[in-house]
Amino acid sequence: MTISMIVGNWKMNTTVDEAEALATQIACGVSDDSNVGVVVCPPFISLVAVQSTLKNSGISLGAQDVHHEVSGAFTGAVSTNMLVNICQYVIVGHSERRSIFRESDAAVNLKVKAVLTAGMTPILCIGESLEEREGGSAEAVVESQLRLGLEGVEAGAGIVVAYEPVWAIGTGRSASPEIAQAMMAHIRQTLVAIGGEEAAAEVSLLYGGSVNAGNVGGYMEQADINGALVGGASLNAESFVEIVRVAAGTG
Ligand code: 13P
């Protein structure tokens, strides 16, 4: 069975104090018997503080990126070794990492493998640009990112894939539930082709891109959507908690 989950990606926002305060507010609002897994991904520097804030809350912790090497001369980088006792999830290949930091599919694949080797769960992000969608290559682009990102990996339980169309990120222009579902069905089919029906059914598929409490319900109703990766709306405790409630069917 796939796990339903709502993941908050705080990106480069919040000081340590702000991160602790936000985590405290979220923990107060989210009931720990929710049938939806809740994950927050603060900046690296706040992970330890938020870990202690979230202790016994039932909310899980994720990092926003990682280096694929375990240690060494990689100034500024953070390894799986450093994260493994702190968080359970790592976002890998976010479109901002791909476009701003020039991460290739090969680099993303190394990170996915490193995260799995360390025993954590990668949240592999894939998604097409507006140009690619308008040019008719959205499916091909997403499928290629998925196949290259998961090369040499057993794609089943323990893998989360987030479909985030670049044109929907931070724009307020969310993909319609139908457009999102159509791509998710293609992603699921590709996962079947890679690892078989059983394994593909165990991968949680998240939609990301301008998700809020008003539209999350529409995504959760889709056959192949198991949750959401939330950016902007995860920085406000009230709206993030409301998204979790709606996703859990209690909103
Ligand atoms: P927004 O929810 O702000 O569009 O960001 C989505 C995202 O990039 C989450 O990783």
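Please treat every number below as a calculation from the coordinates, not as lab data. Nothing here was measured: the structure is a model prediction, and the numbers come from that model. Reconstructed Cβ throughout: ideal geometry from the backbone, glycine too, with neighbour counts over all protein chains shown.
Assorted remarks:
- Subset tally (residues that are within 25 Å of Gly8 (Cβ to Cβ), among the charged types (D, E, K, R) and in contact with a helix residue (DSSP H, G or I) (Cβ under 6 Å, 6 or more places away or on another chain)) for the stretch 107-160: 1
- Close contacts from the stretch 9-25, counting a first residue that is over 24 Å from Ser95 (Cβ atoms) and without any contact (Cβ under 8 Å) to a residue 60 or more places away in the chain and a second that is within 15 Å of the ligand (Cβ to nearest atom) and assigned to a loop (DSSP other than H, G, I, E, B), with Cβ to Cβ under 8 Å and a gap of 6+ residues or different chains, come to Ala23/Pro42.
- Against the criterion of being of a type in the set (Asp, Glu) and either within 16 Å of the ligand (Cβ to nearest atom) or in a loop (DSSP other than H, G, I, E, B) (or both), Glu139 does not qualify.
- Tally of residues being more than 8 Å from the ligand (Cβ to nearest atom), part of a loop (DSSP other than H, G, I, E, B) and under 17 Å from Thr171 (Cβ atoms) across the stretch 213-231: 2
- Test: residue in the stretch 108-128 that is among the aliphatic types (A, V, I, L, M), over 15 Å from Val161 (Cβ atoms) and within 14 Å of the ligand (Cβ to nearest atom): no
- Applying a threshold of 6 Å to beta carbon distances and a minimum spacing of six or more residues, or different chains, the list of pairs starting in the stretch 157-173 at a residue that is part of a loop (DSSP other than H, G, I, E, B) and ending at one that is of a type in the set (Val, Ile, Thr) and more than 10 Å from the ligand (Cβ to nearest atom) reads Gly158/Thr121; Ile159/Val203.
- The stretch 57-78: number of residues that are within 18 Å of Ile6 (Cα to Cα) and of a type in the set (S, T, N, Q): 3
- Test for Ala23: is it surrounded by 15 or more Cβ atoms within 10 Å (Cβ to Cβ) and under 20 Å from Ser79 (Cβ atoms): no
- Of all residues making up the stretch 39-74, the number that are more than 16 Å from the chain's Cα centre (by Cα) and of a type in the set (Phe, Trp, Tyr): 1
- Annotation: Ile159 fulfils all but one of (1) more than 16 Å from the chain's Cα centre (by Cα); (2) away from the ligand (no atom under 16 Å from the Cβ); (3) crowded, with 21+ Cβ neighbours inside 10 Å; the unmet one is (1).
- Top-ranked residue of the stretch 13-32 - restricted to ones that are within 17 Å of Phe240 (Cα to Cα) and part of a loop (DSSP other than H, G, I, E, B), ranked as nearest to the ligand (Cβ to nearest atom): Asn13
- Answer residue from the stretch 174-212, given it is within 16 Å of the ligand (Cβ to nearest atom) and assigned to a loop (DSSP other than H, G, I, E, B) and is surrounded by the fewest Cβ atoms within 10 Å (Cβ to Cβ) among those: Ser176
- Against the conditions (1) more than 13 Å from the ligand (Cβ to nearest atom); (2) among the small types (Gly, Ala, Ser); (3) out of contact with any helix residue (DSSP H, G or I) (no Cβ under 6 Å at 6 or more places or on another chain); (4) closer than 22 Å to Glu18 by Cβ, Ser104 satisfies every one except (4).
- Failed item in (1) out of contact with any strand residue (DSSP E or B) (no Cβ under 9 Å at 6 or more places or on another chain); (2) part of a loop (DSSP other than H, G, I, E, B); (3) closer than 25 Å to Val108 by Cβ, with Ile45 passing the rest: (2)
- Residue within the stretch 228-237 that is over 20 Å from Gln64 (Cα atoms) and of a type outside the set (Phe, Trp, Tyr) present: no
- Within the stretch 114-131, being more than 16 Å from Val203 (Cβ to Cβ), touching a residue at least 12 places away in the same chain (Cβ under 8 Å) and not in a loop (DSSP other than H, G, I, E, B) holds for Ala114, Thr117, Leu130.
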